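The values are calculated or read from the model by the stated rules, or taken from the named source; none is laboratory data. Quantities reported herein were computed from a predicted structural model and do not represent experimental measurements. Here the Cβ positions follow ideal geometry from the backbone for every residue, glycine too, while neighbour counts run over all protein chains shown.
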């Protein structure tokens, strides 16, 4: 703004980011971005140039962030500017108080190193994609196993028959029951660095600290990097955690990927024994329970300016793919009252879905796909395909919504003289957190001096599979960039990761005190 001057701290931070060494082209770009930003929002661009790790953003990163945020809606950008002010204050306080989030830095650094492995076709574009049993995927498993063995001091380290990276840290009695924890290390295509991986690296860091202290707990800690959760290469999900619950369907072995490679063949090429998968099932009597830390993958914690949230339940979900069939006809000669328009019927259903999904707390309903096959600008659509995705914290709420939506689909088609086809493609039960385990996470968050905020998980996680054989509870950590996930913009701060590891450590202390 005219007459505004930067503080000495801001000037120093900008200089350390190299902004005083911009090329003429970069300066021109900055000037134009600043002018456009001021014209749109009416306040100066605010960015914590020291970045999420505190080491500083590069000039290209700053320019790219500036350009990206210029596209934000005004209310969204105002909130982001306030969050950046908070981050600047956090970094400056760290510097003044000499605080180094060492545990979070370790998580961050490991995540950066792990992200160097990416599948061909994506790695060349700087994109992160790690799908089941590719060379990049196997390299990730080996890297996790190496860190577990060499850096963290796990007593047993292995890559099991389904490709999971498994580390076991003995209790004071090697035969003592164990706490099971972990998450997945595969990614969606062109995904982020922290989805799943945070839940492996944070507990690994906690175990590393136990090893450095030469300390044994009354129970063991087993950390599993689950090989597959995302369902990207084959039409099966939760392969890693499903194997531990005895739910690996051997029929999946005959599935083929886009290149015609069967899952059985991929396993053989990776040196895995598919015949041994059945033996991976865990005996729940040998375990205290399962906990998972995970990025939220949503905007709630970010909007509330809270680093951690305690999960109450993983939503149960149901999915359908469907098609409404009408009559294709000439757009110019078919009167409005004589049409059998499949697309407007689906649009009507979409509006009902939105209304019904808004009618109850912790219920969401989505039509993520809508397509007119071979559609033309001058043809009344005779066919329209669509998808339905309904989720809720309880199966009863989800099923009530499902019944209403399917009844409305029937009514719409009868009134409009249309037919429909519908196929249920997925149904997963809700997985409420075990109350005593949820309370342990709540106490851990409270012990850090943070407000305790409880929330459901709208996304599915490995914990929902382990829920079928043992008690489970999850801890969420906020993501940056409004919590975006399954996206290269997925980001965290090392300070938040530090809190996440410390919460995990506190949970371990509670279990030790409880005599588990």
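For residues in segment 22-33 being in contact with a helix residue (DSSP H, G or I) (Cβ under 8 Å, 6 or more places away or on another chain) and part of a helix (DSSP H, G or I), which is farthest from residue 78 (Cα to Cα)?
Checking each candidate, the answer is 26.
May I ask you to say which residue of 120, 218 is out of contact with any strand residue (DSSP E or B) (no Cβ under 8 Å at 6 or more places or on another chain), in a loop (DSSP other than H, G, I, E, B), assigned by TED's automatic domain parsing to the domain that holds residue 243 and free of Cβ contacts under 8 Å to residues at least 40 places away in the same chain?
Details: 218 fails: free of Cβ contacts under 8 Å to residues at least 40 places away in the same chain.
Answer to the check: 120.
Would you list the strands (runs of 3 or more DSSP E) that sit entirely within segment 273-374 and hold 1 or more residues that are closer than 21 Å to residue 399 by Cα? Walk me through it before giving the result.
Details: elements: 287-295, 308-314, 316-325, 363-366.
Hits in segment 273-374: 308-314, 316-325, 363-366.
Need the failing condition index for residue 329 against (1) in contact (Cβ under 8 Å) with a residue 40 or more places away in the chain; (2) in contact with a helix residue (DSSP H, G or I) (Cβ under 9 Å, 6 or more places away or on another chain); (3) surrounded by 18 or more Cβ atoms within 10 Å (Cβ to Cβ), just the number.
Only one criterion is unmet by residue 329, namely (3).
Checking residue 56 against (1) part of a loop (DSSP other than H, G, I, E, B); (2) within 30 Å of residue 148 (Cβ to Cβ): exactly one of these is not met. Which one?
Of the numbered conditions (1) part of a loop (DSSP other than H, G, I, E, B); (2) within 30 Å of residue 148 (Cβ to Cβ), the odd one out for residue 56 is (2).
May I ask you to list the residues in segment 504-516 that are in contact with a strand residue (DSSP E or B) (Cβ under 7 Å, 6 or more places away or on another chain) and either surrounded by fewer than 22 Cβ atoms within 10 Å (Cβ to Cβ) or closer than 17 Å to residue 305 by Cβ (or both)? Explain how you work it out, then say what you get.
Going through segment 504-516, the residues in contact with a strand residue (DSSP E or B) (Cβ under 7 Å, 6 or more places away or on another chain) turn out to be 504, 507, 511, 516.
Within segment 504-516, 511, 516 qualify.
What residue, of 349, 301, 308, is in contact with a helix residue (DSSP H, G or I) (Cβ under 6 Å, 6 or more places away or on another chain), buried (at least 21 other Cβ atoms within 10 Å of the Cβ) and in the same structural domain as residue 487 (by TED's automatic domain parsing)?
Working: 349 fails: in the same structural domain as residue 487 (by TED's automatic domain parsing); 301 fails: in contact with a helix residue (DSSP H, G or I) (Cβ under 6 Å, 6 or more places away or on another chain).
Being in contact with a helix residue (DSSP H, G or I) (Cβ under 6 Å, 6 or more places away or on another chain), buried (at least 21 other Cβ atoms within 10 Å of the Cβ) and in the same structural domain as residue 487 (by TED's automatic domain parsing) holds for just one of 349, 301, 308, which is 308.
If residue 460 passes every condition in (1) modelled with pLDDT of 95 or more; (2) in contact with a strand residue (DSSP E or B) (Cβ under 7 Å, 6 or more places away or on another chain); (3) surrounded by fewer than 24 Cβ atoms within 10 Å (Cβ to Cβ) but one, which one does it miss?
It is condition (1) that residue 460 fails.
Please enumerate the residues belonging to segment 182-195 that are more than 20 Å from residue 509 (Cα to Cα) and buried (at least 24 other Cβ atoms within 10 Å of the Cβ). Outline the logic, then answer.
As a first pass, look at segment 182-195 and keep what is more than 20 Å from residue 509 (Cα to Cα): 183-195.
Listed by number, the residues that qualify are 183, 184, 185, 186, 187, 191, 192, 194, 195.
For segment 60-75, enumerate the residues that are in contact with a helix residue (DSSP H, G or I) (Cβ under 7 Å, 6 or more places away or on another chain) and either part of a loop (DSSP other than H, G, I, E, B) or surrounded by fewer than 17 Cβ atoms within 10 Å (Cβ to Cβ) (or both).
Result: 67, 70, 72, 74.
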